[in-house]
Amino acid sequence: MTLRNLAWSLCLIVALSVLPSAASAIDKLAPEKGTADPAQPILWYDIRLLGVEGQGWTADLKAPFDRLPAKAEGKAPAAVWGLSHHSAGLAVRFVTDARVIHARWTLTKSELAMPHMPATGVSGLDLYVKDSGTTWRWLSVGQPRAQTNSVALVSGLPVGEREYMLYLPLYNGVTSVELGIDKTSFLAVADQRLEKHRKPILFYGTSITQGGCASRPGMVHTAILGRRLNYPVINLGFSGNGKMEAEMADLLAELDPAVYVLDCLPNMDAKMVAERVVPFVKKLRAAHPETPILLVEDRTYSNAFLISSSLTRNQTSRVELEKAYKSLLADGTKHLGYLLGEKLLGTDGEDTVDGSHPTDLGFLRQADAMQPALQHLLNP
């Protein structure tokens with residue numbers, strides 16, 4: 001038995017992921033699965049061979065990197081269906097000993113950026129690496145220059161195999177994503193997370209949940225929390241369209257996450273909150289009696305300290321959400337959490353792009369606010 005296989009056997013016995021090599025020994029991608037590049041000594045691999053995290057539905061997809069199933073077309077609101085082609089929250093984990101890691105990807109839209117959000121967040125890739133312990137560290141961002149891109153994500157890596165995670169674009173879709181490594185290196189499927197069959201955290205919400213306006217895909221609070229808590233994440237944020245329609249409740253009820261995070265108030269006025277929250281939660285609870293559900297108030301507009309209409313907008317929707325929460329508790333709904341909006345951003349006004357959408361600092365603060373609430377629901 002080789003040392004590598006021995007390491008894998010010990011890993012199975014103690015049910016711990018000791019080394020990345022434990023997984024790579026049995027899950028290496030064969031060279032023939034890659035596509036040779038005649039101009040360079042590189043093999044290109046479709047990331048789907050490695051397993052894409054973040055898709056609630058893996059079958060019945062109209063396109064390979066969609067976030068909703070094909071049957072949602074015509075059932076979900078048209079705007080939601082369109083936004084479901086964005087790859088927000090999708091990621092791939094892999095192990096390699098390559099000294100240089102290349103990536104190439106083709107986007108569905110030629111518009112690479114938005115006026116208030118950079119191209120690296122809208123259309124770029126974001127690479128993280130796991131350090132010698134269990135901490136994910138940022139390593140490189142894939143900057144998009146055109147609709148089809150090919151870049152060396154990182155070079156000069158020290159000798160050794162490591163686990164990496166690559167996040168896909170937030171506000172654009174992709175038709176293909178490939179990793180390129182030297183023909184003398186290996187590429188392997190990453191180990192399962194420490195807890196086998198760990199269910200994902202599901203976030204359902206608005207443009208903020210989708211990632212507006214993070215500078216790069218890994219800086220969204222959903223991704224930050226996934227790394228911190230070591231959970232896969234499903235990002236069902238839909239810009240301007242997190243509105244808790246009954247059709248969306250039906251779709252979300254099909255999934256079986258570790259926890260539902262419902263963060264739709266930025267897209268819902270008080271009337272919509274009063275009408276939709278209770279039926280939405282009850283539909284999820286009927287399908288999943290024990291799954292925790294976290295209701296999240298909207299973040300405070302950065303100018304609400306001075307602009308009365310912004311303050312009123314926050315206050316009125318929060319009043320109705322708290323009423324819905326208390327009503328659900330009174331009806332016996334269990335495993336229900338509530339997060340105050342005042343905790344999501346700071347009071348210094350330094351953490352949004354436009355008073356509404358967070359900067360990277362804002363997303364870090366949102367992750368800090370949500371982490372204790374999620375930990376309590378996941379480990380009561």
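The values are calculated or read from the model by the stated rules, or taken from the named source; none is laboratory data. Computed from a predicted model, the values in this text were never measured in an experiment. Cβ sites come from the backbone with ideal geometry, for glycine too, and all protein chains shown count toward neighbours.
With the requirement that a residue be assigned to a loop (DSSP other than H, G, I, E, B) and buried (at least 19 other Cβ atoms within 10 Å of the Cβ), what does the range 292-317 give you?
Pro292, Glu297, Asp298, Arg299, Thr300, Tyr301, Ser302
Basic (Lys, Arg) and modelled with pLDDT under 95: which single residue out of Lys323, Lys343, Lys334 fits that description? Steps first, answer last, please.
Details: Lys323 fails: modelled with pLDDT under 95; Lys334 fails: modelled with pLDDT under 95.
Testing whether each residue is basic (Lys, Arg) and modelled with pLDDT under 95 leaves just Lys343.
Looking at the range 77-84, can you tell me whether even one residue there is touching a strand residue (DSSP E or B) at 6+ places or on another chain (Cβ under 6 Å) and either surrounded by fewer than 18 Cβ atoms within 10 Å (Cβ to Cβ) or not charged (D, E, K, R) (or both)?
There is no residue in the range 77-84 that is touching a strand residue (DSSP E or B) at 6+ places or on another chain (Cβ under 6 Å) and either surrounded by fewer than 18 Cβ atoms within 10 Å (Cβ to Cβ) or not charged (D, E, K, R) (or both).
Being surrounded by fewer than 23 Cβ atoms within 10 Å (Cβ to Cβ) and at pLDDT below 95 narrows it down to one of Asn267, Asn230, so name that one.
After ruling out the rest, the residue left standing is Asn230.
Just to check your reading of the model, which residue among Thr120, Thr148, Thr108 is hydroxyl-bearing (Ser, Thr, Tyr) and touching a His at 6+ places or on another chain (Cβ under 9 Å)?
Result of the check over Thr120, Thr148, Thr108: Thr108.
Among the numbered criteria (1) surrounded by fewer than 17 Cβ atoms within 10 Å (Cβ to Cβ); (2) touching a residue at least 60 places away in the same chain (Cβ under 8 Å), which single criterion is violated by Leu236?
(1)
In this structure, does Ser132 turn out to be of a type in the set (S, T, N, Q), under 27 Å from Arg228 (Cα atoms) and touching a Gly at 6+ places or on another chain (Cβ under 7 Å)?
No; evaluated as a whole, the condition is false for this residue.
For every residue, the table says whether it meets (1) touching a residue at least 24 places away in the same chain (Cβ under 8 Å); (2) surrounded by fewer than 15 Cβ atoms within 10 Å (Cβ to Cβ); (3) within 26 Å of the chain's Cα centre (by Cα).
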{"position": "Leu321", "(1), (2), (3)": "yes, no, yes"}
{"position": "Gly332", "(1), (2), (3)": "no, yes, no"}
{"position": "Gly337", "(1), (2), (3)": "yes, no, yes"}
{"position": "Thr352", "(1), (2), (3)": "yes, no, yes"}
{"position": "Ser356", "(1), (2), (3)": "yes, no, yes"}
{"position": "Gln371", "(1), (2), (3)": "yes, no, yes"}
{"position": "Gln375", "(1), (2), (3)": "yes, yes, yes"}
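Among the candidates Ala63, Ala103, single out the residue that is within 19 Å of Glu161 (Cα to Cα) and either crowded, with 23+ Cβ neighbours inside 10 Å or of a type outside the set (Asp, Glu) (or both).
Only one candidate passes the filter, namely Ala103.
Of the residues that sit in the range 339-350 and are of a type in the set (Gly, Ala, Ser) and either within 20 Å of Tyr260 (Cα to Cα) or in contact (Cβ under 8 Å) with a residue 24 or more places away in the chain (or both), which one is surrounded by the most Cβ atoms within 10 Å (Cβ to Cβ)?
For the range 339-350, the residue satisfying everything is Gly341.
Can you confirm whether Leu68 is at pLDDT 95 or above, surrounded by 19 or more Cβ atoms within 10 Å (Cβ to Cβ) and aliphatic (A, V, I, L, M)?
Considered against the rule, which asks whether it is at pLDDT 95 or above, surrounded by 19 or more Cβ atoms within 10 Å (Cβ to Cβ) and aliphatic (A, V, I, L, M), Leu68 comes out as yes.
Which count do you get for residues in the range 143-184 that are within 26 Å of Asp131 (Cβ to Cβ) and more than 22 Å from the chain's Cα centre (by Cα)?
Residues that pass the stated criteria total 14.
Are there any pairs with C-beta distances below 6 angstrom linking a residue in the range 67-96 that is among the charged types (D, E, K, R) to a residue that is in a loop (DSSP other than H, G, I, E, B), with the two at least 6 apart or on different chains, and if so which?
Pairs found: Arg67/Ser84; Arg93/Ala190.
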